[in-house]
Amino acid sequence: MPVKQALWLGVGGLITAALYLSVLAGPAFFLLQYLTQLPLLCVGLAFGLSSLFATSLISILFTVVADPGLTIVFVLGYIGPVLFIVHRVSLRRKLATGEEEWYPAGRILAGLTTYVLIVFVFALAWFSGREGGLAGLIEASLVEVLGAMGHNVPHISEDTLRAYLFVVPGLLGMSWLIMVVVNGALAQGLMAGFQGIRRPRLALADMSLPNWLACLLVPAMVMVTIGNSGLVFFGGAATLVLLTPFLFQGLGVVHRWVGRTKIPGLLLTGFYLAMLLFQWPILLTIGIGLVDQWLDFRGLRAGSR
């Protein structure tokens, strides 16, 4: 291995661990943790999967030394998804025409969504021995937080709190997926002229999800409507997680539509600002993504199934 590449791997591992462990320095550094996957993705795109393994091991070593208790979350929540992404983005096959077909971006996002659900099931099993399980742990934490806030928040009954406990893991899963996609986009931009994988640039306007992901929404929603408290907790969180990829598919449709106008940059800037300020554009975009799954607004169905 060239000395320059080895240096990149070592520095990448150190920066990754530093970003992940930044929360130990205080709440003010919390947002830095959202960039933890960025150096890993940069290394993976530049040097490939084997180099990513080396960088990941270096970052794990630093994490174990600093705080062993945070290691399992680091491996499952940050390193695992990056290994999956880099492996998938490097897959390609030759068509009969001689052209190369790369692994679709929509299937990568669908795989990451499934990964979140698997980790959620793992967490349910991990805390199953605790009274009330994972839901009980979340409820106790929320009661403690609400109690500390005192009269600054309106009174919430215990029944209402329990009925909507699924929102906590659901929103965590949604933010995690968004974090991965944002880091992937940043890494792709940073390594545009230095990609060892040589894959064509992933464009949001061309992303299309597989149909089976939409089909998973049906049983998840059924659990919410007719299930008991345990099924509602799982089904509600799963529904929120499963809706997240359709946010990006909806954005893909918006990008394609806006790209046909004379002022695409201005319109996209206004749209993203509206998403940051209000909730309805987010819900609208998810709805567009769901409808696009069946009506195929962009005509991508034949090439992505």
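The values are calculated or read from the model by the stated rules, or taken from the named source; none is laboratory data. Just so we're clear, the structure is a prediction, and the values are computed from it rather than from any experiment. Positions of Cβ are generated from backbone atoms using ideal geometry, with glycine treated the same way; all protein chains shown enter the neighbour counts.
Taking the conditions (1) under 20 Å from Pro169 (Cα atoms); (2) not in a helix (DSSP H, G or I) in turn, Phe233 satisfies each one other than (2). Applying a threshold of 8 Å to beta carbon distances and a minimum spacing of six or more residues, or different chains, the list of pairs starting in region 81-102 at a residue that is in a loop (DSSP other than H, G, I, E, B) and ending at one that is among the acidic types (Asp, Glu) reads Leu95/Glu101.
Residue count for region 195-229, restricted to those that are more than 23 Å from the chain's Cα centre (by Cα) and at pLDDT below 85: 6.
Of the residues that make up region 231-248, is at least one over 21 Å from the mean Cα position of the chain (by Cα), touching a residue at least 12 places away in the same chain (Cβ under 8 Å) and surrounded by fewer than 13 Cβ atoms within 10 Å (Cβ to Cβ)? So far as region 231-248 goes, no, none of its residues is over 21 Å from the mean Cα position of the chain (by Cα), touching a residue at least 12 places away in the same chain (Cβ under 8 Å) and surrounded by fewer than 13 Cβ atoms within 10 Å (Cβ to Cβ).
To keep it simple, each residue is scored yes or no on (1) of a type in the set (A, V, I, L, M); (2) on the phi < 0 side of the Ramachandran plot.
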| residue | (1), (2) |
| --- | --- |
| Phe248 | no, yes |
| Leu266 | yes, yes |
| Leu283 | yes, yes |
| Asp292 | no, yes |
| Gly299 | no, no |
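Any idea which of Leu165, Leu172 is of a type in the set (A, V, I, L, M, F, W, C) and either part of a helix (DSSP H, G or I) or modelled with pLDDT under 85 (or both)? After applying the criteria, what remains is Leu172.
Residue-wise test of (1) in contact with a Lys or Arg (Cβ under 8 Å, 6 or more places away or on another chain); (2) closer than 30 Å to Leu243 by Cα; (3) surrounded by 14 or more Cβ atoms within 10 Å (Cβ to Cβ).
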position	(1), (2), (3)
Pro39	no, yes, yes
Ser50	no, no, no
Ile58	no, no, yes
Val65	no, no, no
Phe74	no, yes, yes
Phe84	no, yes, yes
Val89	yes, yes, yes
Leu95	no, no, no
Trp102	yes, yes, yes
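Listed by first and then second residue, the pairs linking a residue in region 213-230 that is in the same structural domain as Leu109 (by TED's automatic domain parsing) to a residue that is of a type in the set (Val, Ile, Thr), with Cβ atoms under 7 Å apart and 6 or more places separating them unless they lie on different chains, are Leu213/Thr113; Leu217/Thr239; Ala220/Thr239; Met221/Thr239; Met223/Val232; Val224/Val232; Val224/Thr239. Across region 42-80, the qualifying residues are those that are in contact with a Gly (Cβ under 6 Å, 6 or more places away or on another chain) and in contact (Cβ under 8 Å) with a residue 60 or more places away in the chain, and the one among them that is nearest to Gln188 (Cα to Cα) is Ala46. Taken as a whole, the condition of being in a helix (DSSP H, G or I), closer than 23 Å to Ile178 by Cβ and modelled with pLDDT of 90 or more does not apply to Ile58. What residue, among those in region 258-271 that are in a helix (DSSP H, G or I) and touching a residue at least 12 places away in the same chain (Cβ under 8 Å), is farthest from Arg298 (Cα to Cα)? The selected residue is Phe271. Within region 162-173, no residue that is assigned by TED's automatic domain parsing to the domain that holds Phe233 and on the phi > 0 side of the Ramachandran plot sits with its Cβ atom under 6 Å from a residue that is modelled with pLDDT under 90 and aliphatic (A, V, I, L, M) at 6+ positions apart or across chains.
The condition of being assigned by TED's automatic domain parsing to the domain that holds Val181 and under 29 Å from Val167 (Cα atoms) holds for only one of Ile72, Ile79, Ile85, Ile108, that being Ile108.
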